[in-house]
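The values are calculated or read from the model by the stated rules, or taken from the named source; none is laboratory data. Being a predicted model, the structure only gives us computed values, none of them experimental. Don't worry about glycine lacking a Cβ; one is built from the backbone with ideal geometry, like all the others, and counts go over all protein chains shown.
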Amino acid sequence: MNDKEILIKNAMQNIKVPEDRLESIIDDAFYETSKPKKNKRKKWLIPTIAAAVLLIGLFTATLSASPVLANYMAQVPVIGNVFSIFAEEEEGLIQYERFSDDVKLTQSSNGITISIDKAVYDGTNVTFTYTVTANKELDDSAYLTGFPQLLEGEGPAGSMDWKLAEGSLIGINTIPHLDEEAAQVNVLWEPKSLYTDGGEIEGDWKFEFAVDQLKTDPIILDEINSEGGVSIHFTEVTFTDVAVNVAYQQLVEPALLEIWEAVEVELMAADDLGNVYLVPYNGGTTYAGARTREDFSWTATMRGLDPLATSLTFYPFGHVSRMEEGKEPESIRIEFDALEINMLEGTYQIIEDPEFPVYDEEEEEKR
Amino acid sequence: MQHDEEVITAAIEGDRIALQQLLKSEKERLYRMAYTYVKNEDDALEVFQQTVLQAIESVHQVKEPYYFSTWLVRICINKALAFLKNNKKLVYMDEVEDRNLENSTTADVAERLDVSSALDSLPEKFKTALMLRYYQDFTVKQIAIVMECPEGTVKTTLHRGLAMLKKDLKGVYADERQRDFN
């Protein structure tokens, strides 16, 4: 979940819900429709009941970071296991548990204790886990507001994912930052509040910590595949202990944009054992010297590579689309030649007109 | 929202208590969706009521239990859009763009911070796609079904919607894609 998702969720959550009236409408609807059918349904009168009031918690902030607190948090069963818990539902996270470093920073404010658990930086993404506990069990509406950022970055960016585990809130934050040269990056996170449907508790938490980069050995690529006025330029792929990161550019012919509006080039991958992987992108940026507004540099990260695989093939595809008001949106799919990486030798080759692998539909639905 | 498949199947097969239970668990999401279109409580309740009635009348038409939530949200959106049209409250694209242009020069920081205002200023299809993805947590495939368009179009609509949102909220947060469509 990224910052915009959270903003949208917040905006929606801020709409007050007249729960009692909604309950009445549903109950009345079932009552009315259980009666013998009338020729004409009457327009209902909405009952006027006071709207539910969102309680905002206002407390005095008390910040503490003591050994007693650390000991208390150490007894919370989910601490230290956040990656493992998420790994039950999401492939490829178990390696993060193994290769991440302990952070173990704990702060408490207004009865809410936040603990940063583990962190890892693989040259493309900083990923860290946290746990939130309160005086009482949290429900599944709970989440933290306030986006983390890197001191080396340019403002908040990235994604946040969270869930409830044994009455505590646990989460994984990911911040993209492509820089193989950086031996270390510094995370700054000041959560603003703990939101729940029952109220929002503001607090005074501030975390700053450094994360060392895993040893990486990028394979420099320089391969351009073109199709239908769009080119993909593979620039680099890195196999780390936790993930596979790939960097590429999409380059668009200016003439194409006289007809079409938007271009998105994405990847999927398959290994030599027949496993198929999604390769979601972390985000893209425009770059100096770009010829068109649709020229972007992307990074994408793939998790859960089978450790027995010896080669990995990336299958690039794209969508070219346009949306004109008053007309049906249109889009066409483009498929490019594939790029096979020999992981043992660190070499690569183009596979022309490949047959695209099919990703397991059930797995895709879970995304 | 994930529901017990057995409960949905029972509802489709005519179990009214099962359907009542499902609608109650979806009521907040449906109401909030309705509210984002009509902008006031009374009208949102009206749309919600119409959605519930439609759901009761046509639940037997749901073919796949998995798509129950998708089907329900689609009813809600259609009811909201019909309500706006019938009450002539629909804002057309040209007006939105004009308003955006004005806003981009006069809006102060506080206004820009208001993501709900930014969402409101988006053309309907972008707003719908963003809410389905980021509030309802629908997959691209589910959104494609609700919006009746190809999945590739959904992706582009989402990305462009985010970019427009970013433009409205310029300076408030960084968009990792840093995309500018102008």
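Brief remarks on what is shown
- Which listed residue, of A:311, A:297, A:321, is more than 30 Å from residue A:346 (Cα to Cα) and touching a residue at least 24 places away in the same chain (Cβ under 8 Å): A:321
- Wholly within segment A:52-111, helices (runs of 4 or more DSSP H) carrying at least 3 residues that are at pLDDT 60 or above: A:82-87, A:94-99
- Within segment B:54-76, considering residues that are surrounded by fewer than 21 Cβ atoms within 10 Å (Cβ to Cβ) and within 9 Å of another protein chain (Cβ to nearest Cβ), the one farthest from residue B:137 (Cα to Cα): B:57
- Options A:144, A:151, A:169; residue that is more than 14 Å from the chain's Cα centre (by Cα), of a type outside the set (D, E, K, R), at pLDDT 85 or above and surrounded by fewer than 22 Cβ atoms within 10 Å (Cβ to Cβ): A:151
- Given (1) farther than 29 Å from residue A:177 by Cβ; (2) at pLDDT below 90; (3) touching a strand residue (DSSP E or B) at 6+ places or on another chain (Cβ under 7 Å), number of the condition residue A:333 does not satisfy: (2)
- Among the residues making up segment A:300-319, a single one is in a strand (DSSP E or B) and over 24 Å from the mean Cα position of the chain (by Cα): A:311.
- Residues of segment A:296-335 classified as away from chain B (no Cβ under 12 Å) and among the polar types (S, T, N, Q), total: 4
- Looking across segment A:267-294, the residues that are farther than 14 Å from residue A:359 by Cα, free of Cβ contacts under 8 Å to residues at least 60 places away in the same chain and not in a loop (DSSP other than H, G, I, E, B) come down to A:281, A:284, A:285.
- Residue within segment A:133-140 that is in contact (Cβ under 8 Å) with a residue 40 or more places away in the chain, surrounded by fewer than 23 Cβ atoms within 10 Å (Cβ to Cβ) and under 23 Å from the mean Cα position of the chain (by Cα) present: yes
- Summed over segment A:274-325, the residues that are within 18 Å of residue A:260 (Cα to Cα), surrounded by fewer than 17 Cβ atoms within 10 Å (Cβ to Cβ) and not charged (D, E, K, R) give a count of 2.
- Filter pass, residue A:240 being among the polar types (S, T, N, Q), out of contact with any strand residue (DSSP E or B) (no Cβ under 8 Å at 6 or more places or on another chain) and either within 14 Å of another protein chain (Cβ to nearest Cβ) or surrounded by 18 or more Cβ atoms within 10 Å (Cβ to Cβ) (or both): yes
- Of the residues examined, residue A:245 is one that is polar (S, T, N, Q) and not assigned by TED's automatic domain parsing to the domain that holds residue A:137.
- Among strands (runs of 3 or more DSSP E) entirely within segment A:160-211, having at least 2 residues that are polar (S, T, N, Q) singles out A:168-176, A:184-189, A:193-196.
- Residues of segment A:320-338 satisfying the condition of being basic (Lys, Arg) and in a loop (DSSP other than H, G, I, E, B): A:327
- When segment B:42-53 is limited to residues that are buried (at least 18 other Cβ atoms within 10 Å of the Cβ) and at the interface with chain A (Cβ under 8 Å from one of its Cβ atoms), the one that is nearest to residue A:21 (Cα to Cα) turns out to be B:45.
- Residue in segment A:250-257 that is touching a Pro at 6+ places or on another chain (Cβ under 6 Å), surrounded by fewer than 19 Cβ atoms within 10 Å (Cβ to Cβ) and within 28 Å of residue A:356 (Cα to Cα) present: no
- The residues in segment A:214-231 that are at pLDDT below 90 and either of a type in the set (Phe, Trp, Tyr) or surrounded by 14 or more Cβ atoms within 10 Å (Cβ to Cβ) (or both) can be counted, and the count is 3.
- Residue match in segment A:215-224 (condition: closer than 30 Å to residue A:105 by Cβ and over 21 Å from the mean Cα position of the chain (by Cα)): yes
- Segment B:83-166 holds helices (runs of 4 or more DSSP H) entirely within its bounds, and those carrying 2 or more residues that are at pLDDT below 80 map to B:93-106, B:109-113, B:115-121.
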